[in-house]
Amino acid sequence: MNESIDVLHRHFELTPSEARLALHLVTGETLRSAASELHISYETARTQLKSIFSKTGTCRQAELVVVIVTAFPALLKAAPQATDTVFVQEGGGRSRAA
């Protein structure tokens with residue numbers, strides 16, 4: 001995962017903490033879940049996410065994921081995997097796998 005953090009740092013100038021958060025979001029984790037996994041407060045995660053948006057030119061988590069996965073498809077394989085699988089339904093809703 002350190003290599004993935006380095007890639008995001010070099011390309012988007014993310015801090016290591018911001019890069020770790022971005023990697024968790026790429027896997028489909030919620031911001032609250034990622035904050036818990038990273039042992040940071042939800043408010044800290046929100047602050048970092050705002051900085052990530054600014055540095056990547058995005059304004060939504062879904063847009064951020066598309067930008068990162070499009071630029072670096074291999075990062076998805078290297079990113080930490082979420083414990084629950086999230087499926088996106090055709091209507092845009094989300095459901096969790098059983």
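Where a number appears in this text, it was derived from the coordinates with a stated rule and is not lab data. Predicted model only: the values in this text are computed from it and were never measured. Glycine also receives a Cβ, built like all others from the backbone with ideal geometry; neighbour counts cover every protein chain displayed.
All but one of (1) more than 12 Å from the chain's Cα centre (by Cα); (2) touching a residue at least 40 places away in the same chain (Cβ under 8 Å) hold for HIS24; which doesn't?
It fails just one condition, (1).
Considering only segment 51-63, I want to know if a residue exists there that is in contact with a helix residue (DSSP H, G or I) (Cβ under 8 Å, 6 or more places away or on another chain), closer than 17 Å to LEU75 by Cβ and acidic (Asp, Glu).
No, segment 51-63 contains no residue that is in contact with a helix residue (DSSP H, G or I) (Cβ under 8 Å, 6 or more places away or on another chain), closer than 17 Å to LEU75 by Cβ and acidic (Asp, Glu).
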